[in-house]
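Only one structure is covered here, and it is reproduced in the block below.
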Amino acid sequence: MISSSDIFITRSDIIILAVESSCDDTCAAVCKNGKILSNIIATQEVHKQYGGVVPELASRAHIQNIVPVVDAALHKAGIQSKDVDGFAYTHSPGLIGSLLVGSQFIKSMALAFDKPLMEVHHMQAHVLANLIADQKPAFPFLCLTVSGGHTQIVLCSAPLTMEVVGQTLDDAAGEAFDKTAKILGLPYPGGPLIDKYAKKGDPLRYHFPEPSITGLDFSFSGLKTAILYFIQNEVRQNPSFIKDNLPDICASVQERIISILLNKLSAAAKKNNISEVCIAGGVSANSRLRQAFQELGRHQHWNTYMPPFEYCTDNAGMIAITAYYKFLENQFASLDSSPSARATW
Ligand code: KG4
Ligand code: ZN
């Protein structure tokens with residue numbers, strides 16, 4: 001019997017099914033010839049009550065979610081498992097129990113359908129989320145990748161050729177958002193809430209220090225300590241300080257985090273003489289960062305790119321697009337390969 005999806009599949013089509021399960025989102029996506037057909041994300045709500053991701057609970061939730069999420073991705077794409085040409089999973093970095101769920105699931109599918117397997121580095125995939133939209137950066141480009149666990153400036157000279165030219169020496173930018181939110185009594189993950197409250201606040205009301213780190217590396221731990229001491233001191237004098245001034249605090253903290261990020265990105269662009277510049281990762285969903293990045297780009301005469309919202313935070317679309325380029329270059333993995341919690345960059 002011929003299914004409706006068969007009608008549109010020609011011999012040259014390359015269909016990839018990808019899963020992403022590195023942390024607390026269970027994600028699956030289908031891409032055909034580099035175009036994303038479906039991108040399903042199941043966010044695990046169970047962690048909210050604990051103020052952070054609980055690894056054991058994340059693994060268990062992935063086990064519950066993975067079959068329905070993959071089914072939904074295939075269904076939305078109008079693709080059957082037998083039509084998939086290659087299967088991809090996030091190999092590293094992440095929570096090992098979470099990574100194992102996605103890797104075992106996708107390896108089983110590759111084995112059952114006798115199709116190639118591709119392993120994808122989560123941070124490389126965040127960078128290549130910029131190749132999903134029709135308007136793509138030209139190579140070489142620079143990407144500021146800002147997530148919950150990483151802050152990097154990456155020089156990307158071909159889809160699978162990347163070099164980290166700057167990175168955080170301690171906390172990631174996403175952690176700076178999340179830890180500030182925790183100090184303010186906001187639930188996890190705090191980044192989107194700080195973004196929301198900051199919209200009504202004055203970014204110049206409070207001044208937080210910019211770390212004096214030379215070169216292209218970042219540091220956010222000093223800023224976190226400065227915020228903690230500032231809030232503790234103010235609350236001692238006025239117990240309702242946070243409640244009375246939440247939008248201004250959020251806007252001022254956010255402005256400082258963004259200025260630290262964009263100052264380093266400017267220096268990296270100048271040093272590498274590059275005017276194709278992208279942002280990526282969960283923090284690139286921040287509305288003020290997106291606006292400030294575009295303003296900076298206009299000022300510096302850059303061509304600027306940022307992934308659509310659904311491809312900023314963790315998603316399998318970015319894994320699928322990276323796997324598509326791996327497929328084109330015959331970069332396949334063995335069924336014996338294992339995921340790794342640490343970044344094997
Ligand atoms: O890339 P991602 O989804 O997961 C990791 O690979 O870590 O990034 C998650 C991070 C969290 O720290 C979250 O607070 C932050 O991205 N984030 C935001 C926003 N949306 C997500 N930070 C600031 N503003 C946002 N709108
Ligand atoms: Zn991520």
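The values are calculated or read from the model by the stated rules, or taken from the named source; none is laboratory data. Small disclaimer: the values here were computed from a predicted structure and weren't measured. In this analysis, Cβ positions are derived from the backbone assuming ideal geometry, glycine residues included, and neighbour counts consider all displayed protein chains. What goes into the accessible areas is simple: the full protein's heavy atoms, side chains included, and nothing from ligands, DNA or RNA. Shrake-Rupley method; radii C 1.70, N 1.55, O 1.52, S 1.80 Å.
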Review point. Normalized C-alpha radius of gyration of region 41-81, against 2.2 N^0.38 Å?
Key: 1.42
Practice item. Grab the alpha carbons of region 82-217, take their convex hull, and tell me the volume per residue in Å³. Key: 179 Å³
Practice item. Assign one of three labels to region 197-345, namely rounded, prolate or oblate, based on the Cα gyration tensor with a ≥ b ≥ c the square roots of its eigenvalues; rounded applies when a/c is under 1.5, prolate when it is not and a/b is larger than b/c, and oblate otherwise. Key: prolate
Study note, to complete from the structure: FRET efficiency for HIS75 and VAL46 from the Cβ-Cβ distance with R0 = 22 Å, rounded to 0.05, comes out at 0.30
Review point. What is region 9-66's relative contact order, in percent, from Cα pairs under 8 angstrom and six or more apart in sequence?
Key: 28 percent
Exercise for review: Please go through region 190-232 and write out the trypsin sites (Lys or Arg not before Pro) that DSSP classes as loop and that have at most 11 other C-beta atoms within 10 Å.
Suggested key: LYS200
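Between beta-carbons, use under 11 Å as the cut-off and find the net charge around ASN303, counting Lys and Arg +1, Asp and Glu -1. Mind dumping the intermediate values first?
Values: positive: LYS136, ARG298; negative: GLU276.
Counting the neighbours of ASN303, the net charge comes to +1.
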Check your understanding: If you take the beta carbon distance between GLN331 and SER275 as r and set R0 to 30 Å, what does 1/(1 + (r/R0)^6) give as a FRET efficiency, to the nearest 0.05?
Key -> 0.55
Check your understanding: Which one of TYR188, TYR324, TYR311 has the biggest mean-square fluctuation once the chain is modelled by GNM with Cα springs under 10 Å?
Key -> TYR188
Practice item. Sequence neighbours fewer than 8 away in the same chain don't count; with that in mind, list the aspartates and glutamates whose C-alpha is under 12 Å from LYS82. Key: ASP6, ASP114
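Order these peptides, 118-130, 236-248, 46-58, by their mean beta-carbon neighbour count within 10 angstrom, highest first. Display every interim value, and only then the final one.
Numbers: 118-130: 26.2, 236-248: 13.2, 46-58: 14.9.
Highest to lowest by the protection proxy: 118-130, 46-58, 236-248.
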**Study point:** Positive minus negative residues near PHE218 (Lys, Arg vs Asp, Glu; Cβ under 10 Å)
**Key:** -2
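With a 1.4 Å probe and every protein chain left in place, work out the accessible area per residue of region 136-234 in Å², rounded to a whole number.
On the way: 4440 Å² over 99 residues.
The answer is 45 Å² per residue.
From the mean inverse distance of alpha carbon pairs (Kirkwood) and the Cα radius of gyration, derive Rg over Rh for region 1-138.
Reported Rg/Rh (Cα atoms, Kirkwood Rh): 0.99.
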**Study point:** Where no second cysteine Cβ lies under 4.7 Å, the cysteines concerned in the chain
**Key:** CYS23, CYS27, CYS31, CYS156, CYS250, CYS312
Point to revise | Residues with amide H under 5 Å from that of ASP217, placed H, sequence gap 5 or more | key: GLN167
Practice item. Post the alpha-carbon centroid distance, region 303-345 to region 248-271, in whole angstrom. Key: 27 Å
Check your understanding: Over 21 Å between Cα atoms, which of LYS224/LYS271; LYS48/LYS199; LYS196/LYS270; LYS182/LYS243; LYS35/LYS264 qualify?
Key -> LYS224/LYS271; LYS48/LYS199; LYS196/LYS270; LYS35/LYS264
Review point. Given a cut-off of under 8 Å on Cα pairs at least six residues apart, what relative contact order in percent is computed for the chain?
Key: 25 percent
Practice item. Report the relative contact order of region 64-193, percent, no decimals, based on alpha-carbon pairs under 8 angstrom and at least 6 residues apart. Key: 14 percent
Study note, to complete from the structure: In whole percents, the bins of 20 Å from zero upward hold the Cα-Cα pairs of the chain as 31, 55, 14, 1
Check your understanding: Which of SER284, SER38, SER108 moves most in a GNM of the chain, Cα contacts under 10 Å?
Key -> SER108
Review point. Each label point is 7 Å from the Cα along the Cα-to-Cβ direction; what then is the distance between the points at ILE213 and GLU56, in nm?
Key: 3.4 nm
